[in-house]
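The values are calculated or read from the model by the stated rules, or taken from the named source; none is laboratory data. Since the structure is predicted, the reported quantities are computational estimates derived from the model, not experimental observations. With ideal geometry, Cβ positions are generated from the backbone for all residues, glycine too; neighbour counts draw on all protein chains shown. In case anyone asks, the SASA skips ligands and DNA or RNA and just uses the protein heavy atoms, side chains included. Shrake-Rupley method; radii C 1.70, N 1.55, O 1.52, S 1.80 Å.
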Amino acid sequence: KNTIIDPKNDLSYTMWKDLPVPFFMSVYFFHVLNPEEILKGEKPMVEQRGPYVYRKQCRKENITFHPNSTVSYREYRRYFFEPSMSVGNESDVITIPNMLVLGAAVMLEDLPFALRLLISATFKTFKEGPFLTKTVEELMWGYDSKLVEFLNKYLPGMLPSTGKFGLFAEFNNSNTGLFTIHTGRDNIKNVHKVDSWNGLTELSYWRTPQCNMINGTAGQLWPPFMTKETTLPFYSPDACRSLELVYQRPGVMNGIPLYRFVAPKTMFANGTDYPPNEGFCPCRQSGLLNVSSCRYNSPVFISHPHFFNADPVLLDYVLGLHPTEEEHGLFIDIHPVSAHLHPHLKAATFKKPIKTISEVVMPMLWFEENGYIDGPILTTFHTNLVILPAVMEYMQYIFIALGLFTTIVAALVYYKVRKCVLFQCV
């Protein structure tokens with residue numbers, strides 16, 4: 001009853017509407033150490049820089065309840081830099097592949113030769129090369145580019161933005177689209193499950209109906225009463241597809257029992273290694289998801305950080321990567337009965353490699369989201385999810401014992417009274 005999305009459910013509705021706990025996004029860049037040598041055919045060598053930590057502020061707006069037990073909303077997000085939690089500052093200078101130039105080059109492949117020659121000359125005119133050196137702040141939230149101004153003027157609509165160009169420019173002060181999800185009022189098994197996204201019940205990015213399905217929840221909460229056979233499906237607008245996590249092991253944190261769900265090795269496997277993923281192709285090695293179809297045909301891929309769970313050959317292409325499950329595996333810790341995410345979670349760990357001139361998939365960055373609760377909220381969670389269920393568990397045995405004792409006493413009294421009646425005792 002308390003997990004139904006209803007303003008009358010104060011705690012759960014507040015948790016759903018405005019996350020009342022600190023949440024953070026940690027960004028790690030892969031700084032390119034040898035850009036000049038790469039252009040001469042040598043292996044790329046990268047060094048992880050970061051984390052650069054940002055406090056994430058989320059709020060749901062335009063909340064509208066519908067008669068069919070669904071509710072629509074837009075979730076807006078804002079990010080604020082946290083220097084005390086970061087290793088470095090936003091003024092740090094980083095060199096990464098120039099996504100703008102390389103992406104434009106790929107998107108212009110089918111244009112007439114004369115136009116491609118003009119664009120190539122334009123790159124040289126604006127001194128734009130295969131690699132880009134900017135501050136963390138510029139890479140994250142955008143920088144002024146004469147090339148962007150040129151492309152928007154002469155090739156309008158080619159770029160997703162007409163302002164500053166930045167890797168996370170679309171994240172800040174933006175929303176994740178119009179979600180319509182089930183409230184669970186008619187069926188608690190459907191609570192939080194997505195009914196539609198931006199009015200769509202299926203996508204059009206991929207090649208098969210199965211890959212275009214919008215499955216599961218919006219990735220924050222799931223229906224209650226999970227078992228070890230339960231999976232966690234959710235739709236991610238940032239990944240342009242539905243994802244699914246599987247049970248790995250139980251755990252406990254801050255006294256709260258948890259189930260850990262992890263990404264299966266097949267999540268980003270290619271169609272050859274895992275046929276159901278054929279619809280996400282054209283594919284490269286397993287471990288890479290080609291999201292160019294929803295990223296303006298730019299050569300962008302998603303993987304686990306450091307090519308974790310990917311084809312080992314990818315690690316041979318780039319020096320400086322060291323994948324481990326503890327640091328780079330995608331997982332969610334969740335309370336199985338209430339289906340609330342535990343605040344100490346790694347909610348998302350995605351990386352965006354990019355294809356360079358020499359057909360090498362190079363990592364640009366990876367990021368994760370995590371948070372924590374303490375104080376009154378932690379006390380409330382511990383009371384409702386641990387103490388009260390334990391009290392009820394013990395109380396049922398106490399009442400059973402009390403019932404048995406009462407039954408025995410009643411039987412003895414009945415026997416004594418009946419005996420007295422038979423022998424006419426006074």
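Provide a single number: the residues in the stretch 1-21 that are open to solvent by 50 Å² or more (accessible area, probe 1.4 Å) and modelled with pLDDT under 85.
Just the residues of the stretch 1-21 that are open to solvent by 50 Å² or more (accessible area, probe 1.4 Å), to begin with: 1-2, 7-8, 10-11, 14, 17-20.
If we keep only those that are modelled with pLDDT under 85 too, we end up with 1-2, 10-11, 14, 18-20.
So the count comes out to 8.
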Inset, instruction - Give Thr272, Thr183 a once-over and let me know the one that is farther than 22 Å from Leu385 by Cβ and over 16 Å from the mean Cα position of the chain (by Cα). - result: Thr272
Inset, instruction - Would you tally the residues in the stretch 245-268 being modelled with pLDDT under 90 and in a loop (DSSP other than H, G, I, E, B)? - result: 2
Inset, instruction - Just give me the residues in the stretch 61-73 being buried (at least 17 other Cβ atoms within 10 Å of the Cβ) and under 18 Å from Phe23 (Cβ atoms), in sequence order. - result: Tyr73
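From the list Val93, Val101, which residue is within 30 Å of Met45 (Cβ to Cβ) and touching an Asp or Glu at 6+ places or on another chain (Cβ under 8 Å)? It would help to see each step written out before you state the result.
On the way: Val93 fails: touching an Asp or Glu at 6+ places or on another chain (Cβ under 8 Å).
Val101 is the lone residue from the list that is within 30 Å of Met45 (Cβ to Cβ) and touching an Asp or Glu at 6+ places or on another chain (Cβ under 8 Å).
So which residues in the stretch 56-104 are of a type in the set (A, V, I, L, M) and under 22 Å from Phe30 (Cα atoms)? Before the answer, list the steps.
In the first step, residues of the stretch 56-104 are kept if they are of a type in the set (A, V, I, L, M); the result is 63, 71, 85, 87, 93-94, 96, 99-102, 104.
Met85, Val87, Val93, Ile94, Ile96, Met99, Leu100, Val101, Leu102, Ala104 - these are the residues of the stretch 56-104 that are of a type in the set (A, V, I, L, M) and under 22 Å from Phe30 (Cα atoms).
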Legend entry - Selection within the stretch 323-372 - open to solvent by 20 Å² or more (accessible area, probe 1.4 Å), in contact with a helix residue (DSSP H, G or I) (Cβ under 6 Å, 6 or more places away or on another chain) and modelled with pLDDT of 85 or more: Pro323
Inset, instruction - Quickly run through the stretch 202-238 and pick out the residues that are under 20 Å from the mean Cα position of the chain (by Cα) and among the polar types (S, T, N, Q). - result: Asn212, Asn215, Thr217, Gln220, Thr230, Thr231, Ser236
Legend entry - Selected residue (criterion: farthest from Pro336 (Cα to Cα)) from residues of the stretch 183-206 that are open to solvent by 30 Å² or more (accessible area, probe 1.4 Å) and β-branched (Val, Ile, Thr): Thr201
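Hey, any hits in the stretch 128-143 for a residue that's at pLDDT below 85, closer than 24 Å to Phe81 by Cα and among the aromatic types (Phe, Trp, Tyr)?
The answer is no, given that none of the residues of the stretch 128-143 is at pLDDT below 85, closer than 24 Å to Phe81 by Cα and among the aromatic types (Phe, Trp, Tyr).
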